[in-house]
Amino acid sequence: EEQNNIFRKQHNISVLGKHVPAPIESFSELSSEPYKLLPRLLQNLLNYGFAEPTPIQMQALPVLLANRPLMACAPTGSGKTLAFLTPIINGLRTHKTSGLRALVLAPTRELAQQIYRECVELTRETGLRTHFISKVSEARHHYGPECKQKYDILVSTPNRVRFLLQQQPPLLDLKRIEWFVLDEADRLMEEGQNNFKEQLDDIYGSCTHPQKRVAFFSATYTVPVAKWALRNLKNLVRVTIGVQNS
Ligand code: ADP
Ligand code: ADP
Ligand code: MG
């Protein structure tokens, strides 16, 4: 444990929570116990050619692969996308026709689309299928009752997801969501205009799977996100890279 703390300090990683899993030093560690990452996923990850994980990846990957809820704060450009997509993909493993099992929300369509693209790369040859809502008007065709359950992972903005949930009959079924991830959670939860809070509560309430995993990622540590996470998530781990500004 002391060695873990020395390593964390070297990489500016601070953690809060009980029994926080040890950080990883390299991606290749993920091939062995206790992670046993899906071989194809590991290969996709190694194909990026990154020399080592970024600090947020070092700590967030073990936490999420251990199925712990996470609030993660790390600067822009520090590789947060891979830190949440990798555990989602590893958890889902392979395509199922039962319907959506992972939901990733971002504050803008552009950000959602970037995540979608990265997810397509990382799911290559795993069989997993990802969808990005580009036209809500086509949702019926993509997920409606008359279509086969095509996708495993949905990446979108809160507006669009809520719109689809509110249709009669609803055009989205989130009952089987096992992974609920908010990217840029600080922006999604900030007060004021364009407030996503109500939409998020609606969407979160529709994700009724009893073993749902929840992760929040943002660039800054903010009180609304921390409050929500502490109130709603048992066994929460908080990871902050760099100086904690709150
Ligand atoms: P963030 O969401 O934290 O702003 P991104 O996930 O968008 O950051 O990643 C920023 C850039 O860093 C991307 O181009 C990504 O491919 C790259 N990247 C991700 N992980 C690593 C890594 N371990 N080493 C080097 N670059 C990485
Ligand atoms: P856009 O490219 O303008 O985002 P979409 O194809 O996503 O359009 O959506 C098509 C239509 O669905 C919109 O013009 C709007 O009428 C409706 N719509 C989308 N999101 C919402 C929402 N959150 N609330 C109400 N209507 C919505
Ligand atoms: Mg990001």
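When the dipole is taken about the Cα centre of segment 98-163, and only Lys, Arg (+1) and Asp, Glu (-1) are charged at their Cβ, what size is it in debye, to the nearest 20?
200
For segment 1-131, give the magnitude of the charge dipole about the Cα centre (Cβ charges: +1 Lys/Arg, -1 Asp/Glu; no others), in debye to the nearest 20.
520
Within the chain, how many lysine pairs that are 8 or more places apart, or on different chains, have C-alpha atoms less than 16 Å apart?
Here the count comes out as 8.
Restricting things to alpha carbons, find the Rg to Rh ratio for the chain using the Kirkwood radius for Rh.
On the Cα set of the chain, Rg over Rh gives 0.95.
Positive end of the dipole of the chain, charges at C-beta (+1 Lys, Arg; -1 Asp, Glu), about the Cα centre: which of 123, 143, 59 has its Cα farthest in that direction?
143
Could you order peptides 51-60, 73-82 by the average number of other Cβ atoms within 10 Å of their residues, highest first? Show your work: numbers first, answer last.
Values: 51-60: 22.3, 73-82: 18.5.
Going from most to least packed, we get 51-60, 73-82.
Using only the alpha-carbon atoms, how far is helix 223-232 inclined from the longest principal axis of the chain? Give it as 0 to 90 degrees, nearest 10.
Roughly 80 degrees, rounded to the nearest 10.
Which order do peptides 32-41, 154-163 fall in by mean Cβ count within 10 Å, highest first?
154-163, 32-41
Taking θ = phi - 60°, what integer Hz values does the Karplus form 6.51 cos²θ - 1.76 cosθ + 1.60 yield along segment 33-40, in sequence order, with x for Gly and Pro?
4, x, 8, 6, 4, 3, x, 5
Would you mind calculating the relative contact order of segment 31-126 from Cα pairs under 8 angstrom and at least 6 residues apart, reporting the percent as a whole number?
35
Going by alpha carbons, how many degrees (0 to 90, nearest 10) lie between the helix axis of 55-65 and the longest principal axis of the chain?
60
For a distance above 19 Å, tell me the whole-number percent of Cα pairs in segment 11-88 that qualify.
Percentage above 19 Å: 29.
Could you compute the FRET efficiency for residue 67 and residue 4, with r as their C-beta to C-beta distance and R0 at 30 Å, rounded to 0.05? Write out the running numbers ahead of the final one.
Working: r = 19 Å, r/R0 = 0.64.
So the FRET efficiency works out to roughly 0.95.
Using the Cβ atoms and a cut-off under 12 Å, what net charge is assigned to the surroundings of residue 18, where Lys and Arg are +1 and Asp and Glu are -1? Don't jump to the answer; show the numbers that get you there.
Working: positive: 68, 234, 238; negative: none.
Charge balance near residue 18 sits at +3.
With N denoting the number of residues in segment 137-246, provide Rg(C-alpha) divided by 2.2 N^0.38 Å, to two decimal places.
Numbers: Rg = 15.4 Å, N = 110, 2.2 N^0.38 = 13.1 Å.
Against the empirical 2.2 N^0.38 Å value, I get 1.17 for segment 137-246.
In whole Hz and in residue order, list the ³J(HN,Hα) couplings for segment 76-89 that follow from phi through the Karplus curve 6.51 cos²θ - 1.76 cosθ + 1.60, θ = phi - 60°; x for Gly and Pro.
4, x, 9, x, 5, 4, 5, 5, 9, 5, 4, x, 4, 5
What is the magnitude of the charge dipole of segment 154-237 about its Cα centre, with +1 placed on the Cβ of each Lys and Arg, -1 on the Cβ of each Asp and Glu, and no other charges, expressed in debye to the nearest 20?
Details: 11 positive and 10 negative charges, 64 e Å.
So the magnitude is around 300 debye.
Considering only the other residues whose Cβ falls under 11 Å of the Cβ of residue 2, what net charge follows from Lys and Arg at +1 and Asp and Glu at -1?
+1
Read-outs: derived from the displayed coordinates by stated rules, not from any lab. No experiment lies behind these values; they were computed from the predicted model shown. Neighbour counts are summed over all protein chains in view; Cβ atoms, including those assigned to glycine, are modelled from backbone coordinates with ideal geometry.
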